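Peer 1: Before anything else, here's the structure in question.
The numbers here are math on the coordinates, done by the rules we state, and not lab data. What you see is a predicted model, and the numbers here were worked out from it, not measured in a lab. Neighbour counts run over all protein chains shown; Cβ positions are idealised from the backbone, glycine included.
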Amino acid sequence: MFARPRASQKLLDDVSVDLEHWLVQKIAWQMGLMETGAFVSGDGKGKPRGFLSYPIAVMGKPEWGKVETLQSGSEGGLEDSDVLVDVFHSLKPEYLSGACWVMARSTLSQIRKLKDKDGQYLWMPHMSEGVASTLLGYPVIICDSMPGLIKDGLSVAFGNFNHAYQIVERQDIQLLRDPYSAKPYVEFYATKRVGGDVVNFDALRLIQLSE
């Protein structure tokens, strides 16, 4: 990834804040959004390959190179709490420590309404700052790069991503200052190299919103 913002030399001389530091923060934020999208659905061509880009297999019938997936039984929705329970129990015990749910906010808004057979909500909110809310006892990561409530969407992921997905980074953002190429402006050329791919399909499960 790269970015090439520019600022006038006059602004750099007069500004009372560290403009380079501010630019790096803004660039890092945007690159972080791009990375997240690629880790979820990237095609692997000049970018990380996302875990949703792989073919799917029927849950309980594993095939290497495919992610085991359970159909929700409801087009564009998730109305049966048993689907979540089945996905949870399909993950091998050695991967449960450190596992989490990943979904978009729109999906979470529906899941928060689900109850178990005793009428208790599956979603357990935490009021303490810095403590994640849980679903079936495991933290929920909100990621709007995941598909929302759409038919055939792979809208919910559950697994241990420390085992399932490998991220590699060459180093942090590199910033090159160029005061010559675009006078009277100073260009800041920022670059970052990152990759990612699924390395363990046993540690990941998906829910697809379809019959």
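Peer 1: If you take every residue apart from Phe158 with its C-beta less than 11 Å away from the C-beta of Phe158, what net charge results, scoring Lys and Arg +1 and Asp and Glu -1?
Peer 2: In short, -1.
Peer 1: Which of the three applies to segment 36-78, rounded, prolate or oblate, going by the alpha-carbon gyration tensor with a ≥ b ≥ c and a/c under 1.5 meaning rounded?
Peer 2: Taking the square roots of the gyration eigenvalues as a ≥ b ≥ c, segment 36-78 is oblate.
Peer 1: Hey, fewest Cβ within 10 Å first, where do Thr69, Thr107 land in order?
Peer 2: Least crowded to most crowded, the residues run Thr69, Thr107.
Peer 1: On a straight-distance basis, which lysines could pair with Lys47 in a cross-link, Cα separation under 22 angstrom, same-chain partners fewer than 8 positions away excluded?
Peer 2: Lys26, Lys66, Lys192
Peer 1: For helix 81-90, report the angle its Cα long axis makes with the longest principal axis of the Cα atoms of the chain; keep it between 0 and 90° and round to the nearest 10°.
Peer 2: That helix lies at roughly 80 degrees to the long axis.
Peer 1: If I build a Gaussian network model for the chain, linking alpha-carbon pairs within less than 10 angstrom, which residue out of Leu136, Leu70, Leu84 has the largest mean-square fluctuation?
Peer 2: Leu136
Peer 1: What shape does the chain take by its C-alpha gyration tensor, where a ≥ b ≥ c are the square roots of the eigenvalues and a/c under 1.5 counts as rounded, a/b above b/c as prolate, and the rest as oblate?
Peer 2: It is prolate, given that a/c is not under 1.5 and a/b is the larger ratio.
Peer 1: Take the alpha carbon atoms of segment 153-206, find their center, do the same for segment 69-128, and report the distance between the two centers in whole angstrom.
Peer 2: 28
Peer 1: Quick check on the chain: helices-only [θ] at 222 nm, where DSSP H runs of length 4 and up contribute -39,500 (n - 2.57) each and the sum goes over total residues. Nearest 500, please.
Peer 2: After summing the helix terms and dividing by the residues of the chain, the value is -7000 deg cm²/dmol.
Peer 1: Sticking with this one: Is the shape of segment 78-122 rounded, prolate or oblate, going by the alpha carbon gyration tensor and its root eigenvalues a ≥ b ≥ c, with a/c under 1.5 for rounded and a/b larger than b/c for prolate?
Peer 2: Taking the square roots of the gyration eigenvalues as a ≥ b ≥ c, segment 78-122 is oblate.
Peer 1: Next up: Under a cut-off of 19 Å between alpha-carbon atoms, report the aspartates and glutamates in cross-link reach of Lys117, not counting same-chain residues fewer than 8 places apart.
Peer 2: Glu79, Asp80, Asp82, Asp86
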